[in-house]
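What follows is one structure encoded as structure tokens, with my remarks underneath.
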Amino acid sequence: MTILELKPATIGNQKGFILVATLWTLAMLSIAASFFALWTQRAVDIAQTRQMDIQGEIDILGTEANMVYFLTTQRFTIAGLTLPNLFLNNTKINNDDEVTILPIGNEIALDDRPYFGHGKAFFAIQDEGGLININFESKHTLGRLLGLLGVNINLHDPLIAKLKDYSDLDDSYRINGAESYHYKKRNLPPPTNRYLYHQMEIQRIIGWKEQSTLWENHQLKQLTHLWLAARPNLNTAPSLVLQAAYNINASSAKSIIEMRKIQPFYTSSMAHQITGEPLDLEPEEENIFPSSFLRLTLWYAGAQRMRQVYIQLMPNAEGRKPWQVEYRLEFELLPIYTKKLPEHAKTTLFNSTLSTKKQ
């Protein structure tokens, strides 16, 4: 066999090799192109998401600024925070002749219902006077609240006893309570022997952290406060607070909430007439007016998290601004805010959601 006879086969093999190499190259280029397209799309998506997040943050900041403006320039009624007249643009500073606690019809409610804010932002305001005070509330109210939040009834008295032992000034031991030596045995920080400064501080008390239902969706924190020594405001209290504080059932609490949307209560006897249930309340404990402690909740469309700003109003402070931000919290967006349809506040400052025409 001669060399010339081998050439056709050799050439065929070379062509086959070139074809395979070409196919492999095309396949690699196709994979690379697909990967690049996917990477580009992800980069675009990330950029768009960041842009949306930036715009959402801007809208939240604008909404917060507007609400602080309203809180410090407008007056309150039993229905909530009044807003400037759409045409007169009056404020509480220049409108002293018309002061009344009765509703005027344009208030922002202070019962934590959601409203449209600026742009894609939403907000809700909760009068902390409509919540339960962990530091001062009675054993009966705290026990009912624990029961409503799913804590076993056999644990109510021990948990409350430990709470009182933790915050009182002495070392006297309550039945089922816990003092410093109980904490030392468990290698835990001793009781502070002062009132709680924050609701989450209660997790340091023996037995409380283990009650998982209290911490689901931040329930305990959402329903309680620490500063006001007063019964919850009938016009701003959530359903569970109404049930726990006033010893009424869920149906009666719902009736109170539905009624106050139409006509806020100016006396507790109105609630009795509507529900048919007597409220666990002494006449001198009646509370129907908003407090100066407020919780402003902010979030924006598409967000997974929300922000809460705790504000104290100080209109008579000398040499200081008339409000103070006590603290801010940021955590996952709670379903109680997304399940309700937001309302429109009657103001042109949120001009992306409300025109100057009457709604």
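The values are calculated or read from the model by the stated rules, or taken from the named source; none is laboratory data. What you see is a predicted model; the values in this text were computed from it and never measured. Methodologically, a virtual Cβ is constructed for each residue, glycine included, from the backbone with ideal geometry; neighbour enumeration extends over all protein chains shown.
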If I ask for residues that are surrounded by fewer than 12 Cβ atoms within 10 Å (Cβ to Cβ) and among the β-branched types (Val, Ile, Thr), which ones from the range 257-280 would you list?
Ile262
Residue satisfying condition, being part of a helix (DSSP H, G or I) and small (Gly, Ala, Ser), within set Ala245, Ala237
Ala245
State which residue pairs qualify: first residue more than 22 Å from Gly80 (Cα to Cα) and not assigned by TED's automatic domain parsing to the domain that holds Gly80 and inside the range 280-295, second residue of a type in the set (D, E, K, R) and surrounded by fewer than 16 Cβ atoms within 10 Å (Cβ to Cβ) in any location, beta carbons under 9 Å apart, and separation of 6 or more residues or different chains.
none
Within the range 312-331, does at least one residue satisfy the condition of being closer than 18 Å to Ala237 by Cα, at pLDDT 90 or above, in a loop (DSSP other than H, G, I, E, B) and assigned by TED's automatic domain parsing to the domain that holds Phe76?
no
Tell me yes or no: at least one residue of the range 217-232 is touching a His at 6+ places or on another chain (Cβ under 9 Å) and either of a type outside the set (S, T, N, Q) or surrounded by 22 or more Cβ atoms within 10 Å (Cβ to Cβ) (or both).
yes
When the range 286-329 is checked residue by residue, the ones that are of a type in the set (Lys, Arg) and under 16 Å from Ala65 (Cα atoms) are Arg295, Arg307, Lys321, Arg328
Within the range 199-234, how many residues are touching a strand residue (DSSP E or B) at 6+ places or on another chain (Cβ under 8 Å) and assigned to a loop (DSSP other than H, G, I, E, B)?
7
Does the range 160-175 include one or more residues that are farther than 22 Å from Arg295 by Cα, touching a helix residue (DSSP H, G or I) at 6+ places or on another chain (Cβ under 6 Å), outside the structural domain of Asp111 (by TED's automatic domain parsing) and at pLDDT below 95?
yes
Can you tell me which residues in the range 152-186 are assigned to a helix (DSSP H, G or I) and in contact (Cβ under 8 Å) with a residue 24 or more places away in the chain?
Leu155, Pro158, Leu159, Lys162, Leu163, Asp165, Tyr166, Ser167, His182
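Taking Leu159, is it over 29 Å from the mean Cα position of the chain (by Cα) and aliphatic (A, V, I, L, M)?
In short, no.
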Among residues of the range 258-279 being in a helix (DSSP H, G or I), in contact (Cβ under 8 Å) with a residue 24 or more places away in the chain and out of contact with any Ser or Thr (no Cβ under 6 Å at 6 or more places or on another chain), the residue nearest to Ile134 (Cα to Cα) is Ser268
Would you confirm whether any residue within the range 101-109 is under 23 Å from Leu334 (Cβ atoms), surrounded by 15 or more Cβ atoms within 10 Å (Cβ to Cβ) and not acidic (Asp, Glu)?
yes
Test Gly147 against the stated conditions and say whether it is touching a Gly at 6+ places or on another chain (Cβ under 9 Å) and either in a loop (DSSP other than H, G, I, E, B) or farther than 30 Å from Leu298 by Cβ (or both).
no
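Examine the range 234-248 for a residue that is without any contact (Cβ under 8 Å) to a residue 24 or more places away in the chain and surrounded by fewer than 20 Cβ atoms within 10 Å (Cβ to Cβ), and state whether such a residue exists.
Kept after step one, since they are without any contact (Cβ under 8 Å) to a residue 24 or more places away in the chain, are these residues of the range 234-248: 239, 242.
Subset that is surrounded by fewer than 20 Cβ atoms within 10 Å (Cβ to Cβ): 239.
Yes, that holds for at least one residue.
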